[in-house]
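The values are calculated or read from the model by the stated rules, or taken from the named source; none is laboratory data. Values in this document were obtained by computation on a predicted structure and should not be read as measured data. Methodologically, a virtual Cβ is constructed for each residue, glycine included, from the backbone with ideal geometry; neighbour enumeration extends over all protein chains shown.
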Amino acid sequence: MMAAISAAREGHSVLLIEKNEKLGKKIYITGKGRCNVTNACDFDDFLRAIVTNSRFMFSSLRGFFNRDLMEMIEEAGCPLKTERGERVFPVSDKASDITRALEKILRELNVKIKLNTEVKEITKRNTENIVPEAPKADDASGDSAFKDTDEGDFELRCTDKRGKPEIILSRKVIVCTGGFSYQTTGSTGDGYRFAESFGHELNAPTPALVPLELLENDAKAMQGLSLRNIEIRISPVRNDSKTVYSDFGEMLFTHFGASGPVILSASSYITRALREGERFVLHIDLKPALTKEKLDERILRDFSENINKNFENAISKLFPLKLLPVIIKRSGIDPHKKVNSISKREREKLISVTKDLSFTITGTRDFNEAIITQGGISVKDINPKTMESKKVKGLYFAGEVLDIDAVTGGYNLQLAFSTGFAAGRGC
């Protein structure tokens, strides 16, 4: 949609081909249905949030950044709000309002839209006698630019929802097909196939922003437990002193391991290594606001208030109910031991477990549970200013189909919008 808007603003006659029954199907499920449309942080912070190929994104982000997007959406009738972590949402908390705003702009620009139409193949025609410039909107008459005429460098073989074939010709093509994640929304890897048919290199797509699988049964026993204001650190099993990723925020234990914002972001930094056989350790600091000394003071205070109680009852205010059995087990302290007889060494073990509750990361969930795809079309053969292929003139790629990705917080949608805008403007 953004590529179509941008190309139409350049004066081109634009046809948007969508294989789903409606536009923006993936937008509807982002941000738990609220659509975290972008992140309002400054440019340098935004670049730091990009995991893969941040330098490639420099030009397109400079050309169309978060404020530009927010202004465009609000002018189209969808007011926005900024929440914690600079995350931007529609005031209505309805993702459909973002799609509706973009559709309004498309209509105003007279972009033609073909729904329920799947592109099966894209080929380049013999273009020796074809004018390379795309037709301008004021030169186009009806749908002539998209009919089966000789006025096109590219031939798109399509089918409608009933399987009826159709050939569409166009002077230029922008591929914005997404990756492999949430395949029910149409992200089934079509763009990878198109790119490879034109000689583009593909970096193996892997699930990213995806829940992690943990080895220990302790994690599964805490299924459904949500932890807030915790700090995590990820380190390789072979080198525990090395920090691969760290973050502060929220997480959730599941029947297979862990999920939640900090876990999803962490996954993007380790997913490729996990698939190559590397193993990692998840370290959780349950009380990051307290030093070990302050935590010991807190524990002693709780003990003094419960001087004649058993250990398991004396720490009930310090930890959530589902977490208690795990803390007790890992501390090695008898749950029925009276707190007035707990030694300093036992307290130190309790503090250690609280400040470093660790689990072994064995893998990630698959594409069905991944928010985005990491990997995709190698950016080395893509012009970062225009998104045009360096191999095929007139062919452009934008969005998640490229090997670009970022952490959670609205960054990935902005990457899609910025590259889409650059591709449309670059046509």
Seminar exercise, completed: Only one of (1) at pLDDT below 95; (2) outside any helix (DSSP H, G or I); (3) not basic (Lys, Arg) does not apply to residue 284, and that is (1)
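Just to verify a result, which residue in region 346-357, among those that are touching a strand residue (DSSP E or B) at 6+ places or on another chain (Cβ under 6 Å) and crowded, with 16+ Cβ neighbours inside 10 Å, is farthest from residue 219 (Cα to Cα)?
Once the filter is applied, the top-ranked residue is 355.
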For this session: Scan (1) assigned to a loop (DSSP other than H, G, I, E, B); (2) aromatic (Phe, Trp, Tyr); (3) closer than 30 Å to residue 170 by Cβ for the single condition residue 396 breaks and write down its number.
Result: (1)
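If you take the residues in region 250-262 that are in a loop (DSSP other than H, G, I, E, B) and not hydrophobic (A, V, I, L, M, F, W, C), which one is farthest from residue 289 (Cα to Cα)? Quick ask: steps written out before the conclusion?
Here is the first cut: in region 250-262, the ones in a loop (DSSP other than H, G, I, E, B) are 254-256, 260.
If we keep only those that are not hydrophobic (A, V, I, L, M, F, W, C) as well, we get 254-255, 260.
Values: 254: 25, 255: 28, 260: 20 Å.
Looking at the filtered set, the residue picked out is 255.
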For this session: Select from region 349-361 the residues that are part of a strand (DSSP E or B) and in contact with a helix residue (DSSP H, G or I) (Cβ under 8 Å, 6 or more places away or on another chain) and write down the one among them that is nearest to residue 204 (Cα to Cα).
Result: 361
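Can you say whether residue 340 is within 24 Å of residue 271 (Cβ to Cβ) and among the polar types (S, T, N, Q), as far as the supplied structure shows?
Numbers: within 24 Å of residue 271 (Cβ to Cβ): no; among the polar types (S, T, N, Q): yes.
So residue 340 does not fit the description; no.
If we scan region 20-40, do we find a residue that is more than 22 Å from the chain's Cα centre (by Cα) and under 28 Å from residue 157 (Cα atoms)?
First pass over region 20-40, keeping only residues more than 22 Å from the chain's Cα centre (by Cα): 21.
Filter again for under 28 Å from residue 157 (Cα atoms), leaving 21.
Looking for residues that are more than 22 Å from the chain's Cα centre (by Cα) and under 28 Å from residue 157 (Cα atoms), one finds at least one in region 20-40, hence yes.
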Seminar exercise, completed: In region 1-57, residues that are part of a helix (DSSP H, G or I) and small (Gly, Ala, Ser) total 8
Problem set entry | Filter result for residue 385 (in the same structural domain as residue 56 (by TED's automatic domain parsing), surrounded by fewer than 18 Cβ atoms within 10 Å (Cβ to Cβ) and either in a strand (DSSP E or B) or at pLDDT 95 or above (or both)) | yes
Seminar exercise, completed: Taking region 62-72 and keeping residues in contact with a Leu (Cβ under 9 Å, 6 or more places away or on another chain) and surrounded by fewer than 21 Cβ atoms within 10 Å (Cβ to Cβ) leaves 70, 72
Seminar exercise, completed: Of the residues in region 285-305, those that are aliphatic (A, V, I, L, M) and farther than 13 Å from residue 352 by Cα number 2
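Going through 224, 277 one at a time, which residue ends up being over 20 Å from the mean Cα position of the chain (by Cα), at pLDDT 95 or above and assigned to a loop (DSSP other than H, G, I, E, B)? I'd like the intermediate steps shown before the answer.
Working: 277 fails: at pLDDT 95 or above.
Only one candidate qualifies: 224.
Would you confirm whether any residue within region 196-219 is within 30 Å of residue 121 (Cβ to Cβ), in a helix (DSSP H, G or I) and in the same structural domain as residue 25 (by TED's automatic domain parsing)? Let's see the steps before the verdict.
Kept after step one, since they are within 30 Å of residue 121 (Cβ to Cβ), are these residues of region 196-219: 196-208.
Applying the additional criterion that residues be in a helix (DSSP H, G or I) yields 196-197.
Those left that are additionally in the same structural domain as residue 25 (by TED's automatic domain parsing): 196-197.
Within region 196-219, one or more residues are within 30 Å of residue 121 (Cβ to Cβ), in a helix (DSSP H, G or I) and in the same structural domain as residue 25 (by TED's automatic domain parsing).
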Problem set entry | Filtered residues of region 41-55 (kept if more than 18 Å from residue 379 (Cα to Cα) and more than 15 Å from the chain's Cα centre (by Cα)) | 41, 42, 43, 44, 45
Seminar exercise, completed: Pairs returned, first residue in region 265-294 that is not assigned by TED's automatic domain parsing to the domain that holds residue 248 and charged (D, E, K, R), second residue that is at pLDDT 95 or above and assigned to a strand (DSSP E or B), beta-carbon separation under 9 angstrom, 6 or more apart or interchain, are none
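Give region 319-341 a look and list any residue that's of a type outside the set (D, E, K, R), assigned to a loop (DSSP other than H, G, I, E, B), in contact (Cβ under 8 Å) with a residue 24 or more places away in the chain and under 19 Å from residue 286 (Cβ atoms), or say none. If you could, list the steps in order and put the result at the bottom.
Keep residues of region 319-341 that are of a type outside the set (D, E, K, R), which gives 319-321, 323-328, 331-333, 335-336, 339-341.
When the remaining residues are screened for being assigned to a loop (DSSP other than H, G, I, E, B), the result is 319-321, 323, 332-333, 335-336.
Now narrow it down to the ones that are in contact (Cβ under 8 Å) with a residue 24 or more places away in the chain: 319-320, 323, 335-336.
Correct list: 319, 320, 323, 335.
If a residue must be part of a strand (DSSP E or B) and surrounded by 14 or more Cβ atoms within 10 Å (Cβ to Cβ), how many such residues does region 227-249 contain?
Taking region 227-249 and keeping what is part of a strand (DSSP E or B), we get 227-236, 245-249.
Still in the list and also surrounded by 14 or more Cβ atoms within 10 Å (Cβ to Cβ): 227, 230-236, 245-247, 249.
The total comes to 12.
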